[in-house]
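Below is one structure, written out as structure tokens; the observations come after it.
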Amino acid sequence: MDDVAVLPRPTRLGRGGGRFVLDATTTVSGSGPGAGAAASLLRALLAPATGLWLAPGGEEASIRLVDEDSDPASERYVLRVRPEGIELSSPGPRGLLNGIQSLRQLLPAGIYSPGPRRETWAVPEVEIEDEPRFSWRGAMLDVSRHFAPLDFLYRFVDVLAMHKLNVFHLHLNDDQGWRFASSRYPRLVEIGAWRAQTRVGHQRDKAFADVYDGTPHGGYYAQSQLRSLVAYAAARNVTIVPEIDLPGHAQAAIAAYPELGNVGPLEVWERWGVNPHVLNLETGTVQFCKDIWDEVIDVFPSRYVHLGGDECPRTEWRSTPAMQRRAAALGVSVDGLQNWFTRQLATHLLAAGRVPVGWDEILEGGELPKGATVMSWRGEQGGIVAASEGFDVVMCPERPCYFDHYQSERPDEPLAIGRLNTLEDVYGYEPVPEALAPEQARHVLGTQLTLWREYLPDTRHVEYMALPRLCALAEVAWSAPGRELGEFMGRLSHQLGRFDELGLNYRPLDGPLPAQRGGTGVRRRFDP
Ligand code: ACM
């Protein structure tokens with residue numbers, strides 16, 4: 001097997017016949033603003049397996065990192081490995097961080113081992129010139145439906161960085177749990193972060209209609225914890241985009257503060273599906289949302305922030321006289337209320353210098369403020385409409401970007417939400433819809449996968465559903481068109497070897513599927 005397997009596939013890669021051997025004499029130096037931090041990361045990544053802490057080497061260092069300081073936003077890098085030394089250069093710090101991940105992949109898979117290995121740490125002679133196709137290469141993780149311990153979020157960042165995915169979209173609230181600790185509204189986590197129990201089985205499976213597990217579930221993140229995570233991610237070229245999903249998906253918030261709702265006290269939701277209980281849009285409720293956002297943007301420096309906006313049923317607004325009066329006073333229809341609400345929050349965020357992102361429902365029912373960005377999930381149509389109207393878009397249509405769908409038709413796959421997105425489906429995805437003219441296509445910032453977690457109860461299971469489809473999506477987002485599945489599969493087998501070293505759980509490519517790989521074991525598949 002070829003020993004060069006960089007994933008995602010680089011723009012250009014040339015091979016030489018020699019190799020560089022990394023050992024106790026190897027030194028590292030950096031020049032330019034971002035090079036010192038990149039050198040630190042390189043040392044930290046190489047130390048556990050090699051047992052070496054690379055010494056600084058000045059001009060004569062065997063590994064030289066050069067931040068040319070010509071374009072801080074650039075993700076481009078050039079990596080030259082020769083027997084006598086390695087040079088990694090980039091117009092800015094981001095490219096250096098990307099190049100470090102490629103350099104790591106050129107070493108034997110044992111480099112990913114968390115403990116020392118006795119190996120010859122040889123790097124094949126190569127010359128790589130590389131840059132991403134898209135600026136938004138994302139992964140969304142739902143930590144509401146099931147909480148993820150903080151250490152998993154760090155592990156998730158590591159997995160993203162390894163694949164040169166640069167956006168970690170963190171879905172911080174939903175009906176089933178609120179995870180962002182607000183100092184202004186403490187009940188959001190005192191009450192809203194905990195549910196008494198969870199519905200068993202698939203939401204549409206009548207056999208389990210009234211069966212609950214009887215086990216309390218919850219958790220939340222302190223702002224200080226999130227700030228540390230943000231810094232850790234930034235040092236790996238990963239930006240965390242926080243999502244506070246309102247005015248639907250609001251039951252945990254309403255459980256904490258009943259005055260936000262339409263129908264009196266509620267519990268944090270214990271079921272799955274689209275929830276009829278939504279925010280009322282009274283002045284105090286809108287102020288609550290702005291207050292929360294002020295706290296969230298203080299913790300997350302990301303230019304893009306996600307205000308949710310999906311799946312907001314109008315039933316309560318239609319049946320509540322107060323909301324009908326509210327709509328009349330605002331001069332909008334009940335159906336126009338959500339758009340009015342989106343405009344309030346989007347304007348608030350734009351004024352704070354942030355770019356509001358929303359699920360494609362935010363296009364409905366009125367004017368969307370210029371500068372907002374649309375995430376197209378109900379197919380490609382929302383993205384096509386938004387790009388045609390001049391809005392930037394991120395493409396994440398359910399097919400094939402929703403990784404809570406089954407990975408294969410094998411009956412022993414663990415319970416999933418339904419439908420099928422195979423590795424091949426993901427690899428074949430083209431994020432720029434054919435319907436877009438070139439000047440509209442420029443609005444496609446990129447693509448991302450989503451990991452909704454109704455049926456992904458623990459983080460081993462998240463890994464199983466993410467991997468290896470995430471590898472395919474990363475290549476779709478990074479590499480130029482003209483990809484070839486067979487060639488990808490060869491590199492992917494190396495990547496799975498790296499996952500083995502890291503102890504990551506993934507779905508095997510073929511062959512028998514042992515029950516324990518599914519995290520929670522094999523459960524009855526439910527197809528409606
Ligand atoms: C979504 O899947 N409800 C955005």
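The values are calculated or read from the model by the stated rules, or taken from the named source; none is laboratory data. All values reported here derive from a predicted model rather than from experimental measurement. Reconstructed Cβ throughout: ideal geometry from the backbone, glycine too, with neighbour counts over all protein chains shown. Note: areas computed on protein heavy atoms with side chains; ligands, DNA, RNA excluded. Shrake-Rupley method; radii C 1.70, N 1.55, O 1.52, S 1.80 Å.
Testing residue 257 on (1) free of Cβ contacts under 8 Å to residues at least 40 places away in the same chain; (2) open to solvent by 10 Å² or more (accessible area, probe 1.4 Å), one condition comes back false. Which one is that?
That leaves (1) as the condition not met.
Give the residues of segment 437-451 that are surrounded by fewer than 22 Cβ atoms within 10 Å (Cβ to Cβ) and within 16 Å of the ligand (Cβ to nearest atom), sorted by residue number.
Across segment 437-451, the qualifying residue is only 450.
Could you list all residues from segment 399-420 that are farther than 13 Å from residue 447 by Cβ, within 14 Å of the ligand (Cβ to nearest atom) and of a type outside the set (A, V, I, L, M, F, W, C)?
Listed by number, the residues that qualify are 404, 405, 418, 419.
Can you tell me which residue within segment 343-389, out of those that are closer than 20 Å to residue 298 by Cα and assigned to a helix (DSSP H, G or I), is farthest from the ligand (Cβ to nearest atom)? Working first, answer last.
Initially, segment 343-389 is screened for residues closer than 20 Å to residue 298 by Cα, giving 344-358, 372.
After this cut, where a residue has to be assigned to a helix (DSSP H, G or I) as well, the list is 344-351.
On the way: 344: 21, 345: 17, 346: 17, 347: 22, 348: 22, 349: 19, 350: 22, 351: 26 Å.
Filtering first and then ranking leaves 351.
Being open to solvent by 50 Å² or more (accessible area, probe 1.4 Å), within 16 Å of the ligand (Cβ to nearest atom) and at pLDDT 95 or above, is that true of even one residue in segment 295-303? Please lay out each step first, then the result.
Filtering segment 295-303 down to residues open to solvent by 50 Å² or more (accessible area, probe 1.4 Å) leaves 298, 301, 303.
Subset that is within 16 Å of the ligand (Cβ to nearest atom): none.
For segment 295-303, residues open to solvent by 50 Å² or more (accessible area, probe 1.4 Å), within 16 Å of the ligand (Cβ to nearest atom) and at pLDDT 95 or above: absent.
What's the total number of residues in segment 311-333 that are closer than 16 Å to residue 248 by Cβ and buried (at least 19 other Cβ atoms within 10 Å of the Cβ)?
3
Quick check on segment 395-417. Is at least one of its residues of a type in the set (D, E, K, R) and closer than 19 Å to residue 171 by Cβ? Give the steps one after another, and end with the answer.
Within segment 395-417, the first condition is being of a type in the set (D, E, K, R), and the residues that meet it are 398-399, 404, 409-410, 412-413.
From what's left, closer than 19 Å to residue 171 by Cβ: 398, 404.
Within segment 395-417, one or more residues are of a type in the set (D, E, K, R) and closer than 19 Å to residue 171 by Cβ.
Going by the conditions given, is residue 440 more than 26 Å from residue 198 (Cα to Cα), in contact (Cβ under 8 Å) with a residue 24 or more places away in the chain and touching a His at 6+ places or on another chain (Cβ under 7 Å)? If you could, list the steps in order and put the result at the bottom.
Details: more than 26 Å from residue 198 (Cα to Cα): yes; in contact (Cβ under 8 Å) with a residue 24 or more places away in the chain: yes; touching a His at 6+ places or on another chain (Cβ under 7 Å): no.
No, not satisfied.
As an exercise: evaluate residue 460 against (1) modelled with pLDDT of 95 or more; (2) assigned to a loop (DSSP other than H, G, I, E, B); (3) out of contact with any Leu (no Cβ under 6 Å at 6 or more places or on another chain) and give the number of the one condition it does not meet.
That leaves (2) as the condition not met.
Scan segment 217-255 for residues that are of a type in the set (Gly, Ala, Ser) and either within 16 Å of the ligand (Cβ to nearest atom) or touching a Cys at 6+ places or on another chain (Cβ under 6 Å) (or both) and jot them down. Step through it out loud before you land on a result.
We begin by selecting, within segment 217-255, every residue of a type in the set (Gly, Ala, Ser); these are 218-219, 222, 224, 228, 231, 233-235, 248, 250, 252-253, 255.
Listed by number, the residues that qualify are 248, 250, 252.
Considering (1) of a type in the set (Gly, Ala, Ser); (2) within 16 Å of the ligand (Cβ to nearest atom); (3) more than 30 Å from residue 347 (Cβ to Cβ); (4) open to solvent by 20 Å² or more (accessible area, probe 1.4 Å), say which one residue 428 fails and leave the rest.
Failing condition for residue 428: (2).
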